[in-house]
Ligand SMILES: Cc1cc2nc3c(=O)[nH]c(=O)nc-3n(C[C@H](O)[C@H](O)[C@H](O)COP(=O)(O)OP(=O)(O)OC[C@H]3O[C@@H](n4cnc5c(N)ncnc54)[C@H](O)[C@@H]3O)c2cc1C
């Protein structure tokens with residue numbers, strides 16, 4: 001799909017990581033890292049539209065939308081999905097159900113699968129921001145007294161803002177009008193990315209880490225946020241899920257060739273075991289970053305400064321950071 005997506009993709013050529021008011025800055029450049037880009041930005045709606053358009057190439061896919069899975073009934077050798085499609089009740093049977101209904105998954109609650117949750121008591125403010133300067137394909141990760149903020153390049157002079165704040169601060173800032181919001185953003189972020197001139201629709205999300213205690217059962221597998229919802233500070237939730245999807249396809253293809261039932265618990269346990277290391281590592285890395293970069297405490301901020309200064313002077317450390325941030329450091333499927 002890459003060639004079809006290309007017009008909507010913005011490559012990241014530089015990443016600037018800094019701690020406002022403290023020493024320690026890391027600058028990454030794609031040429032120094034010998035890669036085509038340090039990462040790529042694409043808006044979710046473009047990716048979604050391209051995925052839907054691609055479905056036309058797979059006539060065997062029985063695609064139903066809008067539809068809601070109301071209930072999942074486990075039956076012998078599979079499951080029965082009780083769905084509502086445009087107010088019509090329909091039933092679909094399957095040997096393997098992939099549950100990917102997000103972090104507040106109702107379907108895994110129905111199955112009685114427990115979840116571990118951690119509320120960061122932070123809200124993320126998300127908006128597209130325009131500046132009077134071209135972004136030159138530069139991404140910023142800026143750590144401020146109030147919490148981390150990321151500015152990621154989009155098409156034109158727009159960038160995507162992800163601003164993490166404690167709940168009461170976020171609510172106050174969200175209530176401001178656009179001009180006051182931009183002024184507050186400018187005073188927190190500074191002028192590295194120019195003068196902020198315009199803001200699109202603002203959205204906010206509570207940041208909660210969720211991990212399902214079981215990711216597989218006979219004839220059922222959990223994917224995406226339903227399996228693990230991460231704090232977005234490192235931007236790894238979707239990357240991790242894409243690697244899980246690749247791993248699942250790999251395991252199911254091998255099972256199919258070996259004439260094994262794709263819903264069998266042996267096959268699905270193999271998938272879960274294969275992905276565990278990558279999932280644990282990505283979840284822990286995101287967690288450490290949240291802890292390290294959400295605190296104004298002077299000791300934590302000194303450790304953070306030292307870490308950033310050390311990384312700036314150590315090219316292998318920069319390479320490691322780049323591989324983690326671009327999502328290619330985990331387990332990549334072998335087809
Ligand atoms: C602010 C922010 C920034 C992020 N940035 C990055 C980033 O830079 N890089 C990255 O890798 N990740 C990022 N992420 C993480 C990424 O957004 C998630 O990993 C991803 O959205 C998970 O997708 P999902 O399909 O599992 O869940 P969701 O996106 O929650 O989608 C679940 C879908 O299931 C549907 N659904 C729910 N119940 C039912 C039902 N009963 N029947 C039918 N359909 C149902 C919902 O309508 C929804 O469409 C970010 C997240 C946030 C909040």
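Overview of results
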| read-out | value |
| --- | --- |
| Residue ranges of strands (runs of 3 or more DSSP E) in region 27-99 with at least 1 members out of contact with any helix residue (DSSP H, G or I) (no Cβ under 6 Å at 6 or more places or on another chain) and over 26 Å from residue 239 (Cα atoms) | 68-75, 78-85, 88-94 |
| Qualifying positions in region 108-122 - within 13 Å of the ligand (Cβ to nearest atom) and outside any loop (DSSP other than H, G, I, E, B) | 108, 109, 110, 120, 122 |
| Listing of strands (runs of 3 or more DSSP E) fully contained in region 136-254 that carry 1 or more residues being in contact with a helix residue (DSSP H, G or I) (Cβ under 8 Å, 6 or more places away or on another chain) and away from the ligand (no atom under 16 Å from the Cβ) | 138-144, 196-199 |
| Test: residue in region 295-304 that is under 27 Å from residue 31 (Cα atoms) and in a helix (DSSP H, G or I) | yes |
| So residue 105, is it within 11 Å of the ligand (Cβ to nearest atom) and either at pLDDT below 95 or out of contact with any strand residue (DSSP E or B) (no Cβ under 7 Å at 6 or more places or on another chain) (or both) | yes |
| Residue match in region 285-298 (condition: touching a helix residue (DSSP H, G or I) at 6+ places or on another chain (Cβ under 7 Å), within 16 Å of the ligand (Cβ to nearest atom), in contact (Cβ under 8 Å) with a residue 60 or more places away in the chain and closer than 26 Å to residue 96 by Cβ) | no |
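The values are calculated or read from the model by the stated rules, or taken from the named source; none is laboratory data. These numbers were taken from a predicted model, which means no experiment stands behind them. Virtual Cβ from ideal backbone geometry, glycine too; neighbours counted across all protein chains shown.
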